[in-house]
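Just below is one structure, and these are the notes that go with it.
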Amino acid sequence: MLGKLMRKKPIVPDIKMSDQIALLKSRKIPAHVAIIMDGNGRWAKQRNLPRVAGHHEGMKTVRRITRVASDLGIKVLTLYAFSTENWKRPKVEIDFLMKLPGEFLSTYLPELIEQNVKVEMIGNFSMLPDHTKDAIRRAMEETASNDGMTLNFAMNYGSRLELVESVKKIANLVAEGKLAIEDIDETQIESHLMTAHLPEPDLLIRTSGEVRLSNFMLWQLAYAEFTFTDVLWPDFDELCMFDAIKDFQSRSRRFGSVEGEKEA
Ligand code: FPP
């Protein structure tokens with residue numbers, strides 16, 4: 001069963017990349033794609049390199065996948081770059097991961113601007129080192145008026161923490177007499193999440209053969225389609241992205257109803 005679920009590296013097709021994009025775009029493209037970028041450490045280990053070399057290669061995949069996601073007409077691409085649990089990693093690895101947004105954005109910001117990409121972030125911003133905050137803040141400011149794809153980094157993000165914060169905000173509104181308990185509904189909760197302004201993810205991709213959510217967008221992924229590949233994140237390329245979209249397009253989304261496919 002799991003063998004069938006797990007996707008492999010696709011075979012290079014005999015058709016041009018632009019034609020593949022056009023073909024995929026003739027069917028429904030997920031508006032919001034969320035990716036758990038996993039397998040950087042194993043990629044490095046396979047090559048006898050330090051783990052951070054895998055993260056650095058993973059950063060190059062971020063560039064590739066951002067570009068192709070934008071070409072595919074995806075509206076929001078959320079990338080799980082650092083979780084609230086990742087602080088448990090060795091300091092040298094954390095320091096490296098915290099430097100990656102700076103390197104990525106200083107190298108590729110002009111390209112993102114040219115692609116009309118808007119950079120955003122979800123997660124606890126205040127706990128990040130100053131240099132990480134500066135890089136993200138600058139990228140967000142410089143791309144704020146772009147209206148193409150949103151590249152949303154989940155950085156120091158944890159879904160349970162996000163839900164706890166949301167519940168606290170709602171409890172405060174109740175305590176201040178601004179909200180009645182009977183008016184607490186799904187919309188209220190959603191409106192207090194960090195993703196309140198974004199559509200729900202339609203597709204979740206996890207690389208590296210792992211099949212779990214790791215505290216990622218637990219509320220928001222309620223009706224997303226999931227696709228798993230055994231490809232390690234640094235090896236995840238445009239063809240893997242096309243394969244994930246094809247997998248999404250083969251699903252019938254009913255959102256709990258018994259009717260045929262519904263529009264997302
Ligand atoms: C999980 O793989 C990956 C991470 C915790 C970090 C992901 C970060 C990137 C891909 C680069 C982000 C780039 C920017 C621009 C922010 P792992 O290290 O747990 O892999 P393993 O399971 O093989 O050890």
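Hey, does region 6-13 have a residue that's closer than 17 Å to P234 by Cβ and hydrophobic (A, V, I, L, M, F, W, C)?
No, region 6-13 contains no residue that is closer than 17 Å to P234 by Cβ and hydrophobic (A, V, I, L, M, F, W, C).
Kindly indicate whether E162 is under 16 Å from the mean Cα position of the chain (by Cα) and outside any loop (DSSP other than H, G, I, E, B).
Working: under 16 Å from the mean Cα position of the chain (by Cα): yes; outside any loop (DSSP other than H, G, I, E, B): yes.
Against the criterion (under 16 Å from the mean Cα position of the chain (by Cα) and outside any loop (DSSP other than H, G, I, E, B)), E162 qualifies.
Please enumerate the residues belonging to region 88-108 that are more than 11 Å from the ligand (Cβ to nearest atom) and either hydrophobic (A, V, I, L, M, F, W, C) or open to solvent by less than 20 Å² (accessible area, probe 1.4 Å) (or both).
V92
Under the condition of being assigned to a strand (DSSP E or B) and polar (S, T, N, Q), which residue from region 68-94 is farthest from D202 (Cα to Cα)?
For region 68-94, the residue satisfying everything is S83.
Does L193 count as within 21 Å of the chain's Cα centre (by Cα) and either assigned to a helix (DSSP H, G or I) or surrounded by 13 or more Cβ atoms within 10 Å (Cβ to Cβ) (or both)?
So L193 fits the description; yes.
Residue by residue, here is whether (1) within 17 Å of I36 (Cβ to Cβ); (2) in contact with a Leu (Cβ under 8 Å, 6 or more places away or on another chain); (3) part of a loop (DSSP other than H, G, I, E, B) holds:
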position	(1), (2), (3)
L173	no, yes, no
G177	no, no, yes
Q188	no, yes, no
E210	yes, no, yes
Q220	yes, yes, yes
V231	yes, no, yes
D247	yes, no, no
R251	no, no, yes
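Go through region 209-226 and count every residue that is crowded, with 22+ Cβ neighbours inside 10 Å and either among the polar types (S, T, N, Q) or within 12 Å of the ligand (Cβ to nearest atom) (or both). Break it down into steps so the answer makes sense when it comes.
Narrowing region 209-226 to residues crowded, with 22+ Cβ neighbours inside 10 Å: 217, 220.
Applying the additional criterion that residues be either among the polar types (S, T, N, Q) or within 12 Å of the ligand (Cβ to nearest atom) (or both) yields 220.
Selection size over region 209-226: 1.
Rundown of residues vs (1) open to solvent by 60 Å² or more (accessible area, probe 1.4 Å); (2) under 14 Å from A244 (Cβ atoms); (3) among the aromatic types (F, W, Y), yes/no style:
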residue: P30; (1), (2), (3): no, yes, no
residue: G41; (1), (2), (3): no, no, no
residue: K45; (1), (2), (3): yes, no, no
residue: L49; (1), (2), (3): yes, no, no
residue: V62; (1), (2), (3): no, no, no
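If a residue has to be within 15 Å of the ligand (Cβ to nearest atom), open to solvent by 10 Å² or more (accessible area, probe 1.4 Å) and either in a strand (DSSP E or B) or without any contact (Cβ under 8 Å) to a residue 24 or more places away in the chain (or both) to count, how many in region 119-149 make the cut?
Going through region 119-149 one residue at a time, the tally reaches 5.
With the checklist (1) more than 11 Å from the ligand (Cβ to nearest atom); (2) of a type in the set (D, E, K, R); (3) at pLDDT 95 or above in hand, flag the one item K4 doesn't pass.
(3)
Considering only region 133-180, state which residues are within 20 Å of E120 (Cα to Cα) and aliphatic (A, V, I, L, M).
Result: A135, I136, A139, M140, A144, M149, L151, A154, M155, L161, L163.
Which of the residues belonging to region 25-58 are in a loop (DSSP other than H, G, I, E, B) and more than 9 Å from the ligand (Cβ to nearest atom)?
S26, R27, K28, I29, P30, A31, R47, N48, L49, P50
Got a sec? Which of E200, E165 is open to solvent by 40 Å² or more (accessible area, probe 1.4 Å) and either free of Cβ contacts under 8 Å to residues at least 12 places away in the same chain or within 25 Å of W87 (Cβ to Cβ) (or both)?
One residue alone meets the criteria, E165.
The values are calculated or read from the model by the stated rules, or taken from the named source; none is laboratory data. Please read all numbers here as calculations on a predicted model, not as lab measurements. For neighbour counting, all protein chains shown are included, and Cβ atoms are generated from backbone atoms with ideal geometry for every residue, glycine included. Heads up: the accessible areas ignore ligands, DNA and RNA and are worked out on the full protein's heavy atoms, side chains in. Shrake-Rupley method; radii C 1.70, N 1.55, O 1.52, S 1.80 Å.
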